[in-house]
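Only one structure is covered here, and it is reproduced in the block below.
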Amino acid sequence: MREARTVFGGKLIAKPYVTWTLLGLVAVVFVAQVVSAGSLGLVATQYDPLVGQFGMWGAAVIIGDQWYRLITGAFLHGGVMHLLFNGFALYILGPQLENWLGHLRYAALWLISALGGSVLGLLLQPGVMSVGASGAIFGLFGATFVLGRRLRLDTRFILGLLVANLLITFLVPGISWTAHIGGLVSGLVLGVVYAYLPPRRDSTRPWAPAAWHVGLTAGYMVVLAVAAVLGTVLR
């Protein structure tokens, strides 16, 4: 008997476990930040020991080969409001996306969107320290828009939220626009991959969507990795 799948090829899920895990991780890491910094994260991020060691800072990647910062920075936050905004967006967008995509595609979308934001920051703003899951959240915004269009849903609300957040990105000082744009582009790219590829359904090859999605997701990760390496080598 063929296993039931979502319209985008993922396994049907009972609960959004990946979303809950991500929410739990960012909460636990923020508690660790509070303990290490001795405050509620309301001070400048450079005074937070965990941010200094694990925040996304391109210069440390270039000079010290601290590649882990490309991902670890997404689990840190600059304050309570920063945490609540990203956590609320993840709570709202995550379960629906996880239901549409299944656990693995959704986890890949979140992580690669976060990585895409970090890589763009490495390339264009290597001297700027940034923290937060905003790159991943913008990736979820982009993917939700694309998948919603594929399902012929009314996407005006999500488009309005995206436009509003882009305006905030460029009008409010102190926000890493590279993380937001890099995450958004990654979410749009993977959204197109998961929503529209393969171009047609073939009942004789039920494994085809998974093969396309794995291959193209891996290919996009390679593009990001090559861009990051070139960004460090050419400086």
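The values are calculated or read from the model by the stated rules, or taken from the named source; none is laboratory data. In this text the structure is predicted, and so the values were computed from the model without any measurement. Cβ: placed from backbone, ideal geometry, glycine included. Neighbour counts: every protein chain shown. The accessibility values were calculated without ligands, DNA or RNA, using every heavy atom of the protein model including side chains. Shrake-Rupley method; radii C 1.70, N 1.55, O 1.52, S 1.80 Å.
Laid out as a table, the results:
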quantity: Listed peptides 106-117, 75-86 by packing density, highest first (mean Cβ within 10 Å); calculated: 106-117, 75-86
quantity: With every protein chain in place, the chain: carbon and sulfur % of accessible area (1.4 Å); calculated: 71
quantity: Normalised per residue, the volume of the convex hull around the Cα set of the chain (Å³); calculated: 121
quantity: Length released on extending from Leu234 to Ser36, taking residue separation times 0.36 nm less the Cα-Cα span; calculated: 67.7 nm
quantity: For q = 0.15, 0.16, 0.23 Å⁻¹, Debye-computed log10 I/I(0) when each Cα of the stretch 39-169 counts as one equal scatterer; calculated: -0.75, -0.84, -1.36
quantity: Phe145 accessible area, 1.4 Å probe, all protein chains in place, Å² to nearest 10; calculated: 50
quantity: Accessible area (Å², per residue) of the chain, counting only protein heavy atoms and a probe of 1.4 Å; calculated: 52
quantity: Per-pair calculated FRET efficiency, R0 = 35 Å: Ile168 and Ala218 via Cβ, rounded to 0.05; calculated: 0.60
quantity: The chain: angle of helix 80-101 to the longest principal axis, Cα-based, in degrees nearest 10; calculated: 10
quantity: Relative contact order (%) - criterion: Cα under 8 Å, at least six apart; region: the chain; calculated: 22
quantity: Cα long-axis angle, helix 208-233 against the chain (0 to 90 degrees, to the nearest 10); calculated: 20
quantity: Helix axis angle, 103-124 relative to the chain longest principal axis, alpha carbon, degrees; calculated: 40
quantity: Area of Trp212 that stays accessible when all protein chains are in place (1.4 Å probe, Å², to 10); calculated: 110
quantity: Contact order relative to length of the stretch 22-126, as percent, for alpha carbon pairs under 8 angstrom and 6 or more apart; calculated: 30
